[in-house]
Amino acid sequence: MKKIVLSVAVAVLMLTHLACAQTETSVLRRADQMIEQRLYASAYDLLEQFDPTNDRPAVLLKKEHVVLDYFAQSMNHQAFCLQDLKPGENLDSIRANFETGNIFFFMADSLLQRLLARTPADCALLCGYTHYYHALLYDYGTDFWMEHLDSLPLTLLRRASAVECGCPDAAYQVGLYCNMMVGMYNVGEDADLMEDSAAFYYRRALAIADTHCHAHFNLGAVLFNKGGYAEAVNHFRSAYRGYTSPVMRADAARALGIIFTDHLNLPDSARRYLDAAHHLLPDDFENAVNLLSFRLQNHESNVDALLGECWTNALEGEQSFNDTKFLVNLFLSNNAADLIESFLQRKAAQSASAYEQGLCHFLQGMYLHSEPAQAASDFETAYQLFADDGAPDDFLAQLRQMIDELKNPTQDK
């Protein structure tokens, strides 16, 4: 009799456990359906009602997925607002025009740490923890992300980076942390150790997922700094092929172009990747000027149009004064003073902008005249044009001093 009662009790216990499991499974399935229908607030409410104490790992991870990936508004990824989207709405427009909503707190960091204290080897929780720091990194930037990486998060990220957990982004983030620490050490054995550690974790990320483009790119950068140019090329090329973002692809192409130009002496490969970087981001000054420098160094004839693009990019950038000076010096260092002088004369005559005209005359006076009187004449013209454009008084005063010194070279300063 005792045996029969015990068996019945075990059966009831098993049925109860199965019912709970089925309930959790059905709730998670329903939440996934709501997410697919873009009913993000409803999905979270369903999960919250089922597990308000956040004791169920699978449900907590689903909540984290909803708030981090589909928030309408987030404050430091600790307080969130969710919305069910209507037909025609999308998250980008909701976030851009967000005004107010029902804000709630969801502290993924501490909630996941609590469950990991019970089951420290749970790979699903460890990967969920990695997801939280991934969101901090990509939504708020490296400085904010670094502020949150004390010893416990780093320990958990290292645990998640184990190959058996299959979480490549955890290894990547530990590698990135080591990379960031290199700059703090600057030089010395500690910096070398950190750089080696960064390479170790990037390689571990790639051992788990060899398509992790950021790990390829950053490992390429570490190898480049250590002089391992041939191996760096392999990783930069993998990043270039894997990235879908034009910005990131251009960064990888630029790195390849620099290595092939400056270190491996393979001009055809250099030209290909420098062209690609410029094509991907035609408005980027650095990409355009790298290609221009290559063409000048290799005495290629097709520089006029590219010079015009570089000039336009420089004028539209935030460092137009310094960037245009860099352009002039690039031509001077490649024995092409006549090309840049004719360009500046043409621009000064054609432009309707007082600032651009003034810049052309200033650069000619600064770099292209051997006679003081000629330089002073261009500076005088530049002074008037900059004044008309509303240049700061202190800049105009410095320019006036330069003019006076050119006109009176023996005058006491």
Grab the DSSP H runs of the chain that are 4 residues or longer, score each as -39,500 (n - 2.57), total them, divide by all residues and round the 222 nm result to the nearest 500 deg cm²/dmol.
-24000 deg cm²/dmol
If you build the convex hull over the alpha carbons only and average its shadow over all orientations, what do you get for the stretch 260-366? Give it in nm² to one decimal.
6.7
Given labels modelled 7 Å from the Cα in the Cβ direction, how far is it in nm from residue 180 to residue 193?
2.0
Would you mind getting the accessible area per residue of the stretch 159-256, heavy atoms of the protein chains only, 1.4 Å probe, in Å²?
45
With N denoting the number of residues in the stretch 197-313, provide Rg(C-alpha) divided by 2.2 N^0.38 Å, to two decimal places.
1.11
Sequence-distant residues sharing a close amide H with residue 73 (under 5 Å, placed H)
81
Can you pull the three principal axis extents for the Cα set of the stretch 140-186, in Å, largest first?
33, 20, 19
Carbon-plus-sulfur fraction of the accessible area of the chain, 1.4 Å probe, in percent?
52
Can you list which of the DSSP-assigned H helices in the chain have a Cα extent of 30 Å or more along the long axis and an average Kyte-Doolittle score of at least -0.5?
2-36
Just to be sure I understand the model, the point goes 7 Å from the Cα along the line to the Cβ. What's the resulting residue 25 to residue 45 distance in nm?
2.8
Label point 7 Å out from residue 342 along Cα-to-Cβ: which residues of the stretch 349-374 have amide N under 20 Å?
349-351, 360-361, 363-365, 367-370
Which one, (1) 25.8, 82; (2) 30.2, 120; (3) 20.5, 69, gives Rg and Dmax of the Cα atoms in Å as derived from the coordinates shown?
(2)
Between residue 84 and residue 352, 0.36 nm times their residue separation minus their Cα-Cα distance comes to what?
91.3 nm
Keeping all protein chains in place, calculate the accessible area per residue for the stretch 265-401 (probe 1.4 angstrom), answer in Å².
51
Within straight-line cross-link reach of residue 63, aspartates and glutamates at Cα separation under 16 Å, skipping those fewer than 8 residues along the same chain
24, 32, 36, 45, 48, 51, 55, 84, 109
Just to verify a number: FRET efficiency for residue 300 and residue 374, C-beta to C-beta distance, R0 = 35 Å, to 0.05?
0.70
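The values are calculated or read from the model by the stated rules, or taken from the named source; none is laboratory data. The shown structure was predicted, so the numbers you read here are calculated from the model rather than taken from an experiment. Ideal geometry is used to build each Cβ from the backbone, glycine not excepted, and the neighbour counts take in all protein chains shown. We work out accessible area using only protein heavy atoms, side chains counted, and drop any ligands, DNA or RNA first. Shrake-Rupley method; radii C 1.70, N 1.55, O 1.52, S 1.80 Å.
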